[in-house]
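S.K.: Shown below is the structure under consideration.
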Amino acid sequence: MSDTNRVGLRAVRETVFGTTPATPAFFEIASTGQPNLGLAPATVVSNLLRDDRQVSDLILVGGEAGGEANSELAFGLHDELLESAFFSAWQTRYAKRNDKGATQVTAVAAATDDYTVTLGVTTGSITVDFAAAGDTVTRATGSFVTNGFEAGDTVIISGAVDGGNNAQFLVKTVTALVLTLENGVVDETADAGVTISVCARVGSIIRAEGFTNAANNGYFVVAAGTTATTIVTPAGRADETPPATAQIHLVGYQAASADIVATADGFTSTLFDFANLKLSAGDWLRITGTGGTWPAANIGWGRIASVATNAVVWETAPTGWTTDPGTSVVVQFYVGDRLINGVTRSSFSLERTFGDHSPVTYQYLTGFIPDQVVITGASQAILEANFTFVGLDSEFTETRFTGSTDIDAPAFQVLNTSSNVARIARGGVVLIGAGTKNLVTELSFTIANNLRRKNAIGFLGAADVGAGEFNVTGSLAAYFDDKTIAEQVVNNTETSVDARFEDSDSHVLLTDCPRIKYSEGQPEVSGKNADVTISPNFQALRHATFGYTMKLQRFFGYQ
């Protein structure tokens, strides 16, 4: 007899839809249950007439591959599945990690107080022209886009004849043949043997975690001397060969003392270029300031309306935000990766193992895409994340796929609704805290892709999977303390909803639907000795300015 505690579930992203890649590195899908995961056969009873009145056959005519994988929400645990559900990809920042099947942080050296990392996005040796007018680097062949460069990246250039071009620069814009950089490029033509690589910017804030030696974990401001393969930090590192859990993430930037001024609706700088932050309208960030007269109210989370070279305007400012000249203040900005709904399909091959079979049974499910994701949090409960898949096919075997390797799930904390919900807001009004009206008793977000199987002659399962509309709905059940919510339901009022989940190690997952309307919800009077509640259901809509329906942001830490 098979035990549920011996069932494993893993996945690998497909490069060809419906085909398991060669030598797959399967990542673990931590789950609480997998009901109906597989291929449900479609059968038809034969209509042939028999003179003995018996059924002649039950004929297999097709099947529907799919099912559920239910789980608990934790930071980083379902990042790849969420990408697929959003038909998009995380827009990431500089990171090096050893927990994704490759070692990217290879050493820590006490003598030089640096981390040795693998080379990431780079051109290799190319021939370029440098132009001071416009601060451009132009190549004749190849593509900066294909290489992986993005606006907001920090790059280090080496091999140029003029030493002024061998330095760190901020990338302003990227085309196939031209990088536009921040000021400082020196004129050169046909400069051969130049290498341009993405690196950690001096002044950026790095969080290191998962290292064996505690001295190598923590937050550090990147120091001068950093290259494409080393990150120089303040003194205090210890010699170490990093383990598989080690990872380094760019989590923020530190501005020069007295450079940031808090204005009525945002903040400005004299020196700091806010392109460093790689922000877009609708992004959230955390701002902190130390020294001088920087107000406590100006330390917190806000959503961005617009970004210019030396100015940022708030769309939603931290509560109590006020002006400050920034005299003697050192300001730090903590930024996250973003995921917004898109149109690019990605699929997985799933591997389910029944480890107590002898021999072990393997089930392979191909062409699987999350059709629906439901994130739910009831009061005093674990936050749940449940996935429903639509796929192409399924088969059982007693032989594992050739060349398979395993990647363990990230070891972050499971989130709960008592201590890990840092913010729930409706229309920008925070619904957490003593004395708050309409406190939330349950929240949910349902992401639906409206996938459809394309059945065709010659296929047992589907021939393909079609994508429908990206649809986000949800509910914020609450105590009914005033008429505001009920009026918004009746009046078709446009509002917003966002929630911020944070574990005890300052890892943050933020969900944001900046434009919603309520579809239904009335005050509920259940009987005597009970609370009056209201459970308005909402429909998320495309935000005209931000250009998306829903956004997730993940922050790998802040101080």
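S.K.: In nm, to one decimal, how far is the residue 6 label point from the residue 44 one, both placed 7 Å along Cα→Cβ?
M.R.: 4.0 nm
S.K.: Can you give the direction-averaged projected area of the convex hull of the alpha-carbon atoms in segment 430-516, in nm²?
M.R.: Mean projected area of the Cα convex hull: 9.5 nm².
S.K.: Here's a follow-up. Grab every C-alpha pair in segment 255-335, bin the distances at 10 angstrom width from 0 up to the longest one, and report whole percents.
M.R.: The percentages, shortest bin first, are 21, 61, 18.
S.K.: If you take the beta carbon distance between residue 398 and residue 520 as r and set R0 to 56 Å, what does 1/(1 + (r/R0)^6) give as a FRET efficiency, to the nearest 0.05?
M.R.: For R0 = 56 Å, the calculated efficiency reads 0.65.
S.K.: Out of all Cα-Cα pairs in segment 238-377, roughly what percent, to the nearest whole number, are more than 22 Å apart?
M.R.: Details: 5511 of 9730 pairs.
Looking at segment 238-377, the distances longer than 22 Å represent 57 percent of pairs.
S.K.: If you don't mind, another one. Excluding same-chain residues fewer than 8 positions from residue 278, which lysines have a Cα within less than 23 Å of its Cα?
M.R.: Once the sequence-local lysines are set aside, what remains near residue 278 is 96, 172, 551.
S.K.: Right, another one. Rank 216, 331, 456 by how far each Cα sits towards the positive end of the charge dipole of the chain (+1 on Lys, Arg Cβ; -1 on Asp, Glu Cβ) and give me just the farthest.
M.R.: Going by the charge dipole, the pick is 456.
S.K.: Kirkwood hydrodynamic radius (Cα pairs, Å) of segment 51-136?
M.R.: Taking every pair of different Cα atoms in segment 51-136, averaging 1/r and inverting gives 20.3 Å.
S.K.: Let me ask something additional. So if each residue of separation counts as 0.36 nm, and I subtract the Cα-Cα distance between residue 32 and residue 492, what length gain in nm does that give?
M.R.: Working it through step by step, the gained length comes to 161.8 nm.
S.K.: Defining a contact as two alpha carbons under 8 Å apart and six or more residues distant in sequence, what relative contact order in percent does the chain show?
M.R.: 16 percent
S.K.: If contacts are Cα pairs under 8 angstrom and at least 6 residues apart, what is the relative contact order of segment 255-335 in percent?
M.R.: The value is 42 percent.
S.K.: Over all pairs of distinct alpha carbons, what does the Kirkwood formula give as the hydrodynamic radius of segment 120-271, in Å?
M.R.: Details: mean 1/r = 0.0585 Å⁻¹.
Result for segment 120-271 stands at 17.1 Å.
S.K.: To the nearest 20 debye, what is the magnitude of the charge dipole of segment 467-559 about its Cα centre, counting +1 on the Cβ of each Lys and Arg and -1 on the Cβ of each Asp and Glu? Walk me through the intermediate numbers first.
M.R.: Details: 8 positive and 13 negative charges, 56 e Å.
It comes to approximately 260 debye.
S.K.: What size of dipole, in debye to the nearest 20, comes out for segment 255-335 about its Cα centre when the only charges are +1 on Lys and Arg C-beta atoms and -1 on Asp and Glu C-beta atoms?
M.R.: For this selection, approximately 160 debye.
S.K.: By how many nm would the segment from residue 59 to residue 469 lengthen if fully extended, with 0.36 nm per residue of separation less the alpha-carbon distance?
M.R.: Using 0.36 nm per residue and subtracting the Cα-Cα distance, I get 144.2 nm.
S.K.: State the answer as a single residue: which of 148, 186, 173 lies farthest towards the positive end of the charge dipole of segment 123-195, with beta carbon charges of +1 for Lys and Arg and -1 for Asp and Glu, about the Cα centre.
M.R.: Projecting each Cα onto the dipole axis, the largest value belongs to 148.
S.K.: Which value in deg cm²/dmol, rounded to the nearest 500, describes the helix-derived mean residue ellipticity at 222 nm for the chain, given -39,500 (n - 2.57) per DSSP H run of n ≥ 4 and division by the residue count?
M.R.: -1000 deg cm²/dmol
S.K.: Which Cα, out of 110, 25, 506, lies furthest along the positive dipole direction of the chain (beta carbon charges, K/R +1, D/E -1)?
M.R.: 506
S.K.: If packing is taken as the mean number of other Cβ atoms within 10 Å per residue, what is the order of 495-501, 418-424, highest first? Mind showing how you got there, number by number?
M.R.: On the way: 495-501: 21.9, 418-424: 17.0.
Put in order of decreasing packing, that is 495-501, 418-424.
S.K.: Modelled label-to-label distance, residue 380 and residue 166, 7 Å Cα→beta-carbon offset: nm?
M.R.: 6.6 nm
S.K.: Can you give the local net charge around residue 395? Use residues other than it whose beta-carbon is closer than 12 angstrom to its beta-carbon, Lys and Arg +1, Asp and Glu -1.
M.R.: Computed value for this residue: -2.
S.K.: Could you tell me the calculated FRET efficiency between residue 281 and residue 89, based on Cβ-Cβ distance and R0 = 25 angstrom, to the nearest 0.05?
M.R.: On the way: r = 19 Å, r/R0 = 0.76.
Efficiency computed from Cβ-Cβ geometry: 0.85.
S.K.: Quick one: Kirkwood hydrodynamic radius for segment 300-372, alpha-carbon pairs, angstrom, one decimal?
M.R.: Every distinct Cα pair counted, the radius reaches 18.2 Å.
S.K.: How high is the FRET efficiency from residue 483 to residue 432, r the C-beta distance, R0 30 Å, rounded to 0.05?
M.R.: E(calc), rounded to 0.05, equals 0.90.
S.K.: How high is the relative contact order of segment 98-140, in percent, counting Cα pairs under 8 Å that sit 6 or more residues apart?
M.R.: 22 percent
S.K.: Could you give the nm distance between label points at residue 143 and residue 239, where each point is 7 Å from its Cα heading toward the beta carbon?
M.R.: 4.6 nm
S.K.: Residue 528: which lysines have alpha carbons under 26 Å from its alpha carbon, excluding same-chain residues fewer than 8 sequence positions away?
M.R.: 437, 483
S.K.: Could you sort 465-475, 331-341 so that the peptide with the highest average Cβ count within 10 Å comes first and the rest follow in order?
M.R.: Averaged packing, sorted descending, gives the order 331-341, 465-475.
S.K.: Treating only the Cβ atoms of Lys and Arg (+1) and Asp and Glu (-1) as charged, compute the dipole magnitude of segment 354-495 about its Cα centre; round to the nearest 20 debye.
M.R.: 340 debye
S.K.: Straight-line reach from residue 517: which aspartates and glutamates fall under 14 Å, measuring Cα to Cα and dropping same-chain residues less than 8 apart?
M.R.: 487, 494, 498
S.K.: Continuing with this model, one more query. Does a label point 7 Å from the Cα of residue 328, set along Cα-to-beta-carbon, have any residues of segment 286-301 with amide nitrogen under 15 Å, and which are they?
M.R.: 290-295
Rule-based calculations on the coordinates, nothing more; no lab input. Bear in mind that the values here come from a model prediction, so they are computed numbers and not experimental data. Every residue, glycine among them, receives a Cβ derived from its backbone with ideal geometry; neighbour counts consider all protein chains shown.
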